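Notes to accompany the following structure.
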Amino acid sequence: MELSEFMSLFWITAIMLLGVTVPLVTERFGRTANTVFTMLPPAIALAYIASLIPTVLAGNVITESLEWIPAVGLTLSMRLDGLALMFAILILGIGLLIILYARYYLSEREAAGRFFAYLLLFMTAMLSIVLSNNVLQLWMAWEVTSISSFLLISFWSSKSESRKGARMALTVTGAGGLALLAGLLIIADIAGSYELGAILASGDAIRDHALYPIALILVLLGAFTKSAQFPFHFWLPHAMAAPTPVSAYLHSATMVKAGIFLLARFYPILSGTELWFLIVTMTGLITLLLGAYVALFKHDLKGLLAYSTVSHLGLIVLLLGLDTELATVAALFHIMNHAVFKASLFMAAGIIDHESGTRDMRKLNGLWRYMPYTATLAMVAAASMAGVPLFNGFLSKEMFFAESLHQETLGFLSWMIPVLATLAGVFAVAYSLRFIHDVFFNGEPVNLPKIPHEPPRYMKIPVEVLVALCLLVGIFPAFMIGSLLEAAATSVLMKELPYYSLAIWHGFNIPLLMSVIAIVGGVLVYTYRRHLYSFQAQFKETDAKLVFEGVMQKIVAFSAKFDEGLNNGSLQRYVALLLLFTIVITAIPLINLDVAAAHLPDQPVTFVEIVAGVILCLSAIATVIYHRKRMIALITLSVVGLIVSVAFARFSAPDLALTQLAVEVVTVILLMLALYFLPQKTIAESSPSRVVRDLGIAAAVGGVVATINYAFITQPLDSISEFFLANSKTGGGGTNAVNVILVDFRGLDTLGEILVLGIAAFGIFKLLTGVKLAMPTANYKGIPWSEDRHPPILTVISQSLLPLALLVSFYIFLRGHNMPGGGFIAGLITSVALIQQYIAHGVDWIKPRLKVNYQSLIAWGVLIATFTGIGSWFFGRPFMTTWFDYFDIPFIGEIELASALVFDLGVYLTVVGATLLILASLGKLTSVHRPVAEE
Amino acid sequence: METLYVVCVGVMTFCGVFLCLRGRTFSVVVGLTMLSYAVNLFLFSSGRLNLNGAAILGMSESYADPLPQALVLTAIVIGFAMIAFVVILSIRARADLGNDLVDGRDPPDTDKLVKPIRSKL
């Protein structure tokens, strides 16, 4: 059966992603079943990948894509080439071994299901990185690896060091991820596509672009943080707080290789420049040496392996930086070799920790007698790490030595690279030797918590498989991985590979000599390590964790201070800042606006208009001047409002004039009522500088607004309103276009508006419920309020005016469709008429006479308006289609009935209900009828 | 006439913004009312200034743009509701906080008051 006929690359991620839930579901069936089920999704994925090996090795690149959001050019896209294949096999193969190992590593009390779920999530993300053919998709998966790494490091969340280590790893790799995103966006912008295929094909355009250095540095930041390169290496040793399977898998074999994968993936477009060589080589070299040196002094088994990992990652980065074709081949080769021997070493360290209870090499001695089998496995892997012949690590290391010789880019200093490489080799041999000699020999164990013994049978299987690979690759390199390496290297270099031979013996040459020096030197260093230790002991050890936490706390403190400055709880400051910001962003386009743009000349102005304008401006300014004398300010404010309504009337907007007039009345009544509850006077408390600042802001805003207004009202009008005017009568059945727009064309907007009105009224009612205020009995001068609450003249007149006012509002309501008027205006007039009764008679008089619940009035209004809209559905029309017809009624004549009238009734009721609810609730505060909370 | 119109809008905006920046709730309410007048006039003028051209079919030769009028009509009503809300909010604030300051506390005590509250959160 051809598996590939049924599957596509998308299935791999889909199965893996679904697989994340498998361990959680199967946890209840016991640990072994849970492990077996957890291994299923990666096993299926691996089988499918394996079925594609012949295709990829034949030199094909498999790509698949799915349109996701084509409108914005987003596609899901997968790619399987040699590099992706190599990484996919590493991820899935080692992943399966890790799951098996973790089954025995985790104790019965631990949440294995959760652990496996995180592990599969990480595996999915890692696979998505390597299989991605779209850089955004790649980045997304990249971030998920950071997050799943965080979850795995903090798996033992009760330990402080786990939490700190996880936070540090997430901060460093997350920050790098952001840099990477920026870099990828620049690259995609230059290449004109997010597809990897298109980007890889535009290498020259990218290297020649002015933004190349920035893009390169951003991408390198992403890669170096992820792959723990100097100076970002510090997070990796602290990530060792994770359970050992995680360290073996994420922090040596796969996730830390993601950065290197990125370098390899973008090698065709980013490499080949001086900048690339300098940054990548130097970073790699420093990391290689630093890691190898520090590893020697770590007493913790995992600490030693962590720094050794840092060192080997540096080696691979250095190789990629050297920028020769064979160096790249060596880099890819070493990725595989390192993953294999380092994962097995971590597993061995985990076994030792598990069976003896400590990882401290000062206590662990002479374990050979207790666990000879594990010791043998560890020794093979360590020999590979040291670069001893017959093991895989030797081969790639020798290729590395050979390539370090072929450098001329550093000019006369080029000799330093092979020398420093050999020096790093010396330290590598020394720490490998320490790992073996200190732990398995070197006397007797010191105060071990447990008596060490061999681990369970199956816990050794993953180590055995990896160690066997070390040997097989070390002895038969070309047979084992020759073709895979070739495919991977071809997809990185994107051209014919130069000749190279994968063999143990290349004759007596300089690389061999370098290897010999490294081994002999390593043995010597280890033998005389006491001197080195005493030298190292003079240095004060800095704990990266403390430094990191300190920096973090400083950043947090700075942010808090910055936040305090902006967000200090003062509304006045927010308003001022908001306005300043508005001035800046509106003034800039105004500066660039062409003054000479076509303007219509001003219309002639009449004397009356000038007088009105002057009164308006004077009243507005008077409001400002007298704003502390609140009653006067209110009077001048109402003058402004009146002139505004006159302006509406003057400029052909009778509906607006009526509305403004009615609202003006209601607003003034409202503010007067409010004045009763608020202090009568404002104390002068603004400092002169504050007044000047506010005057400046206000003048700037006023100037900008006036300028914008002038800029557009002198432009010729190009409006969509022709449509409304043309269809007002024929489509909406009314001649008052404004009203037809409100109840018909834009009826849905109006429905929304009355809903807001209703909500505001209910909100006010709620706010006033249970409010406790001291009622003043005198004004601010100490003059008591008049006892004569309801003057008879007002009472009589208002009472006789009421029917008239209601009649007027009814008339205004009915004619609204054809003449100025309508629900809004009629509603306001009715409200004013009723409020007048409240003022004249008081709540106690009104209460028994006007038995209307304003809340239900609002509700009915909104319901009527909504159902009128829905009504059109019953006639098969869209929501809010108006129906109208003309009827001939005896004695009255022809009248028009339109469904819009019913809609307008809803508007009317809501406006009346809302206005009266607001004013009456406020007015009732002084009476026994005040709103109270009902339980 | 356009110049006069925009000068009026500008002056009202100026007065409204200045009052909005005051520290007492009533001044802010007055400022908001003033500002809403200015905004309504501003929006209304996007239909340009027309004399004798009410958008009633059959009543005049050329019509004023009805669309801004319809928008401003609802804006006036909603503006009233919002101002009412702010007024009531300031009454409630005075009842609950014991003063009518926009920030709900006296300016000089800012430092003393903010920090303990923050540290509790």
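Residues are listed down the side, and each one gets a yes or a no for (1) within 24 Å of A:SER809 (Cα to Cα); (2) more than 7 Å from chain B (Cβ to nearest Cβ); (3) surrounded by 21 or more Cβ atoms within 10 Å (Cβ to Cβ):
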site	(1), (2), (3)
A:ILE625	no, yes, no
A:LYS629	no, yes, no
A:ILE632	no, yes, no
A:LEU637	no, no, yes
A:GLY641	yes, no, yes
A:PHE651	yes, no, yes
A:PHE677	no, no, yes
A:GLN680	no, yes, no
Every pair of residues 6+ apart whose Cβ atoms lie under 6 Å, when the first sits in region A:520-539 and is more than 17 Å from A:ASN442 (Cα to Cα) while the second is assigned to a helix (DSSP H, G or I): A:GLY521/A:VAL426; A:GLY522/A:VAL426; A:GLY522/A:VAL429; A:GLY522/A:ALA430
task: For B:GLY31, indicate whether it is over 29 Å from A:SER728 (Cβ atoms), touching a helix residue (DSSP H, G or I) at 6+ places or on another chain (Cβ under 7 Å), within 7 Å of chain A (Cβ to nearest Cβ) and not basic (Lys, Arg).
output: no
message: Can you tell me which condition A:LEU748 does not meet? The list is (1) more than 7 Å from chain B (Cβ to nearest Cβ); (2) crowded, with 22+ Cβ neighbours inside 10 Å; (3) in contact (Cβ under 8 Å) with a residue 40 or more places away in the chain, and all the others hold.
response: (2)
field: Meets criteria (more than 7 Å from chain A (Cβ to nearest Cβ), modelled with pLDDT under 90 and more than 30 Å from A:GLY923 (Cα to Cα)) for B:PRO107
entry: yes
- request: Check region A:582-604 and report whether any residue there is surrounded by 14 or more Cβ atoms within 10 Å (Cβ to Cβ) and modelled with pLDDT of 90 or more.
  value: yes
message: Whether any residue in region A:685-699 is in a helix (DSSP H, G or I), surrounded by fewer than 22 Cβ atoms within 10 Å (Cβ to Cβ), more than 7 Å from chain B (Cβ to nearest Cβ) and among the basic types (Lys, Arg) is what I want to check.
response: yes
task: Take the residues in region A:582-607 that are among the aliphatic types (A, V, I, L, M) and part of a helix (DSSP H, G or I), then tell me which one is nearest to the chain's Cα centre (by Cα).
output: A:ILE585
task: Return a yes/no flag: does region A:335-346 have any residue that is under 16 Å from A:ILE417 (Cβ atoms) and either assigned to a helix (DSSP H, G or I) or of a type in the set (Phe, Trp, Tyr) (or both).
output: no
message: Quick test of your reading of the structure: B:ASN52 fulfils all but one of (1) within 7 Å of another protein chain (Cβ to nearest Cβ); (2) surrounded by fewer than 19 Cβ atoms within 10 Å (Cβ to Cβ); (3) on the phi < 0 side of the Ramachandran plot; (4) in a loop (DSSP other than H, G, I, E, B). Name the failing condition by number.
response: (3)
message: Among the residues that make up region A:769-790, is at least one of them in contact with a helix residue (DSSP H, G or I) (Cβ under 6 Å, 6 or more places away or on another chain), in a helix (DSSP H, G or I) and either at pLDDT 80 or above or not acidic (Asp, Glu) (or both)?
response: no
message: Can you tell me which residue is farthest from the other protein chains (Cβ to nearest Cβ) among those in region A:813-827 that are under 54 Å from the mean Cα position of the chain (by Cα) and part of a helix (DSSP H, G or I)?
response: A:PHE813
message: Taking the criterion of being touching a helix residue (DSSP H, G or I) at 6+ places or on another chain (Cβ under 6 Å), of a type in the set (Phe, Trp, Tyr) and within 28 Å of A:THR35 (Cβ to Cβ), would at least one residue in region A:120-129 satisfy it?
response: yes
message: Cβ contacts < 7 Å: first residue facing chain A (nearest Cβ under 7 Å), restricted to region B:67-94; second residue among the basic types (Lys, Arg), any location; separation 6+ or different chain. Result?
response: B:ALA70/A:ARG746
field: Exclusive hit being under 19 Å from A:ILE436 (Cβ atoms), in a helix (DSSP H, G or I) and among the hydrophobic types (A, V, I, L, M, F, W, C), set A:LEU313, A:LEU285, A:LEU304
entry: A:LEU304
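Are any residues in region A:67-82 of a type outside the set (Lys, Arg) and in contact (Cβ under 8 Å) with a residue 60 or more places away in the chain, and if so, which ones?
Scanning region A:67-82 gives A:GLY73, A:LEU74, A:THR75, A:LEU76, A:SER77, A:MET78, A:LEU80, A:ASP81, A:GLY82.
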message: Can you report the number of residues in region A:540-552 which are without any contact (Cβ under 8 Å) to a residue 24 or more places away in the chain and closer than 27 Å to A:MET385 by Cα?
response: 2
statement: Considering region A:406-448, residues that are outside any loop (DSSP other than H, G, I, E, B) and without any contact (Cβ under 8 Å) to a residue 40 or more places away in the chain, and then whichever is surrounded by the most Cβ atoms within 10 Å (Cβ to Cβ), we arrive at A:MET416
- request: Tell me the helices (runs of 4 or more DSSP H) entirely within region A:498-581 that contain at least 2 residues that are within 14 Å of chain B (Cβ to nearest Cβ).
  value: A:544-566
message: Six or more apart or on different chains, Cβ atoms under 8 Å: show the pairs whose first residue is in region A:107-118 and over 15 Å from A:ILE153 (Cβ atoms) and whose second is of a type in the set (Ser, Thr, Tyr) and buried (at least 22 other Cβ atoms within 10 Å of the Cβ).
response: A:PHE116/A:THR38
- prompt: Out of the residues in region B:24-80 that are within 20 Å of A:ILE669 (Cα to Cα) and aromatic (Phe, Trp, Tyr), which is modelled with the highest pLDDT?
  reply: B:TYR37
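Please verify whether A:SER719 is over 20 Å from B:VAL102 (Cβ atoms), within 7 Å of another protein chain (Cβ to nearest Cβ) and not in a helix (DSSP H, G or I), treating the condition exactly as stated.
Working: over 20 Å from B:VAL102 (Cβ atoms): yes; within 7 Å of another protein chain (Cβ to nearest Cβ): yes; not in a helix (DSSP H, G or I): yes.
Taking the combined requirement at face value, the residue satisfies it.
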- line: Considering only helices (runs of 4 or more DSSP H) wholly within region A:201-244, the ones with at least 1 residues that are polar (S, T, N, Q) are A:212-226
message: Of everything in region A:658-668, what is in contact (Cβ under 8 Å) with a residue 40 or more places away in the chain and not polar (S, T, N, Q)? Give them in sequence order.
response: A:LEU658, A:ALA662, A:VAL663, A:VAL665, A:VAL666
task: Please enumerate the residues belonging to region A:476-491 that are aromatic (Phe, Trp, Tyr) and either part of a helix (DSSP H, G or I) or crowded, with 18+ Cβ neighbours inside 10 Å (or both).
output: A:PHE479
message: more than 7 Å from chain A (Cβ to nearest Cβ) and surrounded by fewer than 24 Cβ atoms within 10 Å (Cβ to Cβ): which single residue out of B:VAL7, B:VAL39 fits that description?
response: B:VAL39
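The values are calculated or read from the model by the stated rules, or taken from the named source; none is laboratory data. Given the structure is predicted, the values throughout are model-derived calculations rather than measurements. No Cβ is skipped: glycine too gets one built from the backbone with ideal geometry, and neighbour counts run over all protein chains shown.
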